[in-house]
């Protein structure tokens, strides 16, 4: 019989993020489908409140590593703590959300415990009494179902793979796991991050707003970068949507062309970029070519604004295509949003 261990770590504010809560649901569902033993392993500065939050998730046991050294993410301490949890729980399957903190250490944990690892899995299932995962390959063009005989099998779960856990809290008895803080030549002085309202990548937003290279092209005989920046940022501020971009637009800076200063390769959507999971998406000044649109496969409702009535979006890739000037459209939309 399989034994499943779900590894979790708190966010910087001490709570479990959405991806972690989704992983709880996915792990509990897989354990039920396999008839497996389900355990939860937590590491961080203080984790008992998190164990209490998950008391009703169906886990048969909780393991915890608590130490001041785990208050901030660091590979050396996080990997050592996670490996200690795996050794204490003796699982055959190790699941973890693909957060930046856990995705960074999971391959190392697999190596330390003699296991194998598969990352950014988008679906878990039980088939013929065995666990099966779904991953995407060839720049997100092919989906493959896989299983492994090696144990422990470490799996990181991409966001959106299940509904977030929302069960009632209770009291969980967590087994403390000994942890030796590894030696380190560095110290964490603090975190220097932009204000929350300055963030333009918002994974939990309802809307994805994608900008294409057309925003930097000549309009009425001139490049209108300042106006484009004002319209885009105005829309993002009013709607709190998440900003995405095409590869061609983020590459312009390296080619010496004028660029939108708030864009980086982190915003890139497509086969060589990200695959967001927002409910709605609006593309502007973007032709809707396949390498970009492949990153939209989880977007439920798609709309686009483009002057070309025969662009890629018009070939069945968008639910609605507005054949119009994006500058004029967004100016009007921003005016309506301001009331």
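Just a few scattered comments:
- Evaluation of residue 87 against (1) touching a helix residue (DSSP H, G or I) at 6+ places or on another chain (Cβ under 6 Å); (2) under 19 Å from residue 3 (Cβ atoms) (one fails), failing number: (1)
- Boolean, residue 79 is part of a helix (DSSP H, G or I) and either touching a helix residue (DSSP H, G or I) at 6+ places or on another chain (Cβ under 7 Å) or modelled with pLDDT under 95 (or both): yes
- When the strands (runs of 3 or more DSSP E) confined to segment 105-169 are screened for residues that are in contact with a strand residue (DSSP E or B) (Cβ under 9 Å, 6 or more places away or on another chain), surrounded by fewer than 17 Cβ atoms within 10 Å (Cβ to Cβ) and free of Cβ contacts under 8 Å to residues at least 40 places away in the same chain, those reaching at least 2 such residues are found at 116-121, 123-127, 130-137, 142-146.
Quick grid of which residues meet (1) crowded, with 17+ Cβ neighbours inside 10 Å; (2) part of a helix (DSSP H, G or I); (3) assigned by TED's automatic domain parsing to the domain that holds residue 323; (4) on the phi > 0 side of the Ramachandran plot:
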position: 203; (1), (2), (3), (4): no, no, yes, no
position: 208; (1), (2), (3), (4): yes, no, yes, no
position: 233; (1), (2), (3), (4): no, yes, yes, no
position: 248; (1), (2), (3), (4): yes, yes, yes, no
position: 262; (1), (2), (3), (4): no, no, yes, no
position: 281; (1), (2), (3), (4): yes, no, yes, no
position: 293; (1), (2), (3), (4): yes, yes, yes, no
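To keep it simple, each residue is scored yes or no on (1) touching a residue at least 40 places away in the same chain (Cβ under 8 Å); (2) touching a strand residue (DSSP E or B) at 6+ places or on another chain (Cβ under 7 Å); (3) surrounded by fewer than 19 Cβ atoms within 10 Å (Cβ to Cβ).
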residue: 51; (1), (2), (3): yes, yes, no
residue: 61; (1), (2), (3): yes, yes, yes
residue: 75; (1), (2), (3): no, no, yes
residue: 81; (1), (2), (3): yes, yes, no
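- The listed residues are 328, 335, 314, and the only one of them that is surrounded by fewer than 18 Cβ atoms within 10 Å (Cβ to Cβ) and touching a residue at least 12 places away in the same chain (Cβ under 8 Å) turns out to be 314.
The values are calculated or read from the model by the stated rules, or taken from the named source; none is laboratory data. Bear in mind that the values here come from a model prediction, so they are computed numbers and not experimental data. Methodologically, a virtual Cβ is constructed for each residue, glycine included, from the backbone with ideal geometry; neighbour enumeration extends over all protein chains shown.
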